[in-house]
1. What does the net charge come to around A:Val24 if you take all other residues with beta carbon closer than 9 Å to its beta carbon, with K and R at +1 and D and E at -1?
2. Which FRET efficiency value, to the nearest 0.05, is calculated for A:Asp191 and B:Glu87 with the Förster distance at 35 angstrom and r the Cβ-Cβ distance?
3. Which of A:Pro170, A:Val28, A:Pro234 sits closest to the plus end of the dipole of chain A, meaning its Cα is farthest towards the positive end, when Lys and Arg get +1 and Asp and Glu get -1 on the C-beta?
4. Which FRET efficiency value, to the nearest 0.05, do you get for A:Arg225 and B:Asp114 by plugging their Cβ-Cβ distance into 1/(1 + (r/R0)^6) with R0 = 41 Å?
5. Between beta-carbons, use under 12 Å as the cut-off and find the net charge around A:Val152, counting Lys and Arg +1, Asp and Glu -1.
6. Modelled label-to-label distance, A:Ser126 and A:Arg211, 7 Å Cα→beta-carbon offset: nm?
7. Considering the Cα trace of chain B, what is its radius of gyration and what is Dmax, both in angstroms?
8. Per residue of B:17-27, count partner chain C-beta atoms within 10 Å of its C-beta, then hand back the mean as an integer.
There are 2 protein chains.
Amino acid sequence: MALVLCRQGGDKEMAEYPPFAVTVDLVVLTVRADQLCVLLVRRGIEPYRGAWALPGGFVGIDEDLPAAATRELAEETGLAEPAGHLEQLGTYGHPRRDPRGRVVTVAWLALLPDQANPVAGTDAASADWLPLSQLSPGQLAFDHDRVLADGVERARAKLEYTPLAAAFCPPEFTVAQLRGVYETVWGTRLDPRNFHRKVTGTPGFVAPVGRATEGDRGRPAQLFRRGPAPLLHPPMLRPDQTGQTGS
Amino acid sequence: MALVLCRQGGDKEMAEYPPFAVTVDLVVLTVRADQLCVLLVRRGIEPYRGAWALPGGFVGIDEDLPAAATRELAEETGLAEPAGHLEQLGTYGHPRRDPRGRVVTVAWLALLPDQANPVAGTDAASADWLPLSQLSPGQLAFDHDRVLADGVERARAKLEYTPLAAAFCPPEFTVAQLRGVYETVWGTRLDPRNFHRKVTGTPGFVAPVGRATEGDRGRPAQLFRRGPAPLLHPPMLRPDQTGQTGS
DNA sequence: CCAATAGTGTCTCTTAGACAATATTTT
DNA sequence: AAAATATTGTCTAAGAGACACTATTGG
């Protein structure tokens, strides 16, 4: 496939375009055992041999970006996206982010329910869910510390103004489970009573299934599915957020 | 520069990586004459010869992504970023988005004050500010319609929860100017009294300069600079947003 | 004085947050 | 009944929106 000579206006760019490698990397988050966890793989080759890294791989020359992300997600977790949520996070392309050459990576953020499928990848490298609390800066390969931090921050922010917390839950869930997601991801406590009112009172946040749980302690809880609203109005407020509340 | 053979775990990727071209494209927005305008260049070559396109160009093989975006912005507008705001918007890489080959573009969103510098680029192609209201879908080259739409939506959303509207204003501005930005970008009317109270009452949104305008009609207005807050708490609310307000 | 714009005060309504009270289950 | 969890109700305070009113300029 012959490629590009000149793109935009002038002729400065008549020379052949510089060749890049393009990869996708995934920040796959889940909530298990009251911990926010990320899916990491242990690298089997240099560079960063033996270090943890985000799962990812090359984009095929005829492959769309979302398709590459979905494929990698399926390869690493054994499941297709539909259960959770997948969105583009950002692109990282520092000239020396990969010592082997010029690699630009498009990072994606995936939020998944804890489906007990820790690994199942086709890749030889071992993979596992790591609690974020156990990771220290500088521990990940390449610039993956930064990518992960950006992904976590994005996830935290999105819980505020989207119904995406439900992406961490199974298809049917209780208000308490949803609250647990918020509490874990935000690292805060939320009042169960006010949370319940807020969730059930925000149009399109959740939709009642009509059934209830059974066999737990206490009164059975109603089951809900994710609602149709793409955005929450008004948003869920993170306690204490940036502090200021107006003078 | 020899490049990558195998990246992550397996050996499926031992073959040489697929070669991509990487570009940056810019969605440069400004507010002039009560219109939200975007900087576009007219293409002088095929494909899409004669069509409007977002300014952009190739990333140098040793060039960082933000540096490439900043460079293109300077080339197209003749000014460095400091005045306004520049952030990564997203990456677009459909295999056939460019008929000449596999080109992945990292799009950036720039918000600039109306600095009367319509063009000044070194490129031969003509460039100009086009009001968004004059653009119809399908009018831009490549997938730039989509990129532009994403950029505009991002800008609209960011005015809600960041002090970024000030990026559209000169270094010192009045509350009325800031309100005009909101009204233009959102296409709504805002109550001047409540807006004033909201802006001056939100910590870190704007910082008073201490001087006032002179020589206009009516009472002189206090001048402000952009405040230090990265986020607005509470956010500016867009009237009528998604409709729902809670039952 | 009038027109015009800037800025403040007041009132009402909605919503967040604290927390009492009630409902429904298991043990 | 006691413990545990779910769900509803009540109260208070902060903020949004409507809008009267005051302040400061140019004609």
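Please treat every number below as a calculation from the coordinates, not as lab data. Please read all numbers here as calculations on a predicted model, not as lab measurements. Positions of Cβ are backbone-derived with ideal geometry, glycine not excepted, and every protein chain shown enters the neighbour counts.
1. Details: positive: A:Arg71; negative: A:Asp25, A:Glu72.
Net charge in that neighbourhood comes out at -1.
2. Numbers: r = 35 Å, r/R0 = 1.00.
My answer for the efficiency is 0.50.
3. Checked the options; the winner is A:Pro234.
4. Values: r = 47 Å, r/R0 = 1.16.
With a Förster radius of 41 Å, E is 0.30.
5. On the way: positive: A:Arg146, A:Arg154, A:Arg156, A:Lys158; negative: A:Asp145, A:Asp150, A:Glu153.
For residues surrounding A:Val152, the net value is +1.
6. 3.9 nm
7. Rg and Dmax of chain B, Cα atoms, are 20.8, 74 Å.
8. Values: counts 11, 11, 9, 11, 9, 10, 5, 2, 2, 0, 0.
Partner Cβ neighbours, averaged per residue: 6.
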